[in-house]
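A single structure is presented below for examination.
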Amino acid sequence: MLPTASHPHVTPVPLDKAYRLLNHGPTVLVSTAHAGQHNVMAAAWACALDFAPPKVTVVLDKATRTRELVEASGLFALQLPTVPLAALTVALGTDSAKTMPDKLQRHGVELFEAPGQPVQTTPPLVQGCAAWLLCRVVPEPHNQQAYDLFIGEVVAAWADDRVFRNGHWEFDTGPEDLRTLHYVAGGQFYATGTSIKV
């Protein structure tokens with residue numbers, strides 16, 4: 001059994017504001033579960049797609065174990081890793097559960113149960129992230145096969161209230177280690193920077 005969130009800052013985000021969690025283009029971790037198995041991988045190509053109901057997209061390569069589990073379960077979670085998780089994010093994007101079945105244990109991935117969701121069917125969430133979006137696959141077989149593109153309807157969302165409050169990111173006033181990551185290639189990230197309001 002997975003633990004629940006270990007800190008008091010995991011706060012629900014209203015679904016009409018869920019798209020804002022991805023609007024700034026962060027790298028994500030994709031988690032999924034099916035038939036007692038779960039996995040997490042990194043993905044750089046994810047974005048908000050629609051407002052009502054909120055939808056997201058993510059590219060999941062056919063070669064990944066995560067994709068197999070997503071196709072079998074119809075559910076996935078996107079989470080936004082933070083600065084301390086940069087090395088872990090690279091490891092989860094490099095190592096495949098197909099060749100390293102124990103990759104989550106080997107890399108020390110800390111998972112927890114999605115608050116208020118059925119444990120048996122809901123993907124686990126990754127500790128230490130800034131936000132989490134639980135998504136149900138919107139089947140689009142052509143896009144999935146031709147482009148590896150999956151659409152998900154967001155059914156629940158949470159964020160760390162030290163950096164996301166009242167429907168807005170507040171990175172400037174939050175701890176610097178809670179800034180999200182933006183992948184640029186070759187194991188290099190940029191952390192979310194300074195806010196400019198106009």
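May I ask you to derive the FRET efficiency for Ile196 and Ala87 from their Cβ-Cβ distance with R0 = 35 Å, giving the value to the nearest 0.05?
My answer for the efficiency is 0.75.
Which lysines, on any chain, are close to Lys103 with Cα under 20 Å apart, when same-chain ones fewer than 8 places away are left out?
Lys62
Then there is this: Where the accessible area of segment 156-198 is counted over protein heavy atoms with a 1.4 Å probe, how much of it, in %, is carbon and sulfur?
51
Provide, for q = 0.12, 0.24 Å⁻¹, the log10 of I(q)/I(0) from a solvent-free Debye sum over equal Cα point scatterers in segment 62-157.
Rounded to two decimals, the profile gives -0.41, -1.45.
Return the ratio Rg/(2.2 N^0.38 Å) for the chain, where Rg is computed over Cα atoms only.
Expressed relative to 2.2 N^0.38 Å, the Cα Rg reads 0.95.
May I ask for the distance between the Cα centers of segment 121-157 and segment 70-109, given as a whole number of Å?
Cα centres, segment 121-157 to segment 70-109: 14 Å.
Kindly report the accessible area of the chain per residue (heavy atoms of protein chains, probe 1.4 Å, no ligands, DNA or RNA), in Å².
Using a 1.4 Å probe on heavy atoms only, each residue of the chain averages 49 Å².
OK, next. Got the relative contact order for the chain handy, in percent, Cα pairs under 8 Å and 6 or more residues apart?
Dividing the mean separation by the residue count of the chain yields 27 percent.
Please give every one of the aspartates and glutamates within straight-line cross-link reach of Lys17, meaning a C-alpha to C-alpha distance under 18 Å, and leave out same-chain neighbours fewer than 8 residues apart.
Asp50, Glu153, Asp160, Asp161, Glu170
The values are calculated or read from the model by the stated rules, or taken from the named source; none is laboratory data. Fair warning: this is a prediction, and the values are worked out from it, not measured in the lab. No Cβ is skipped: glycine too gets one built from the backbone with ideal geometry, and neighbour counts run over all protein chains shown. Ligands, DNA and RNA are stripped out before the accessible areas are found, and what is left, the full protein with its side chains, is counted by its heavy atoms. Shrake-Rupley method; radii C 1.70, N 1.55, O 1.52, S 1.80 Å.
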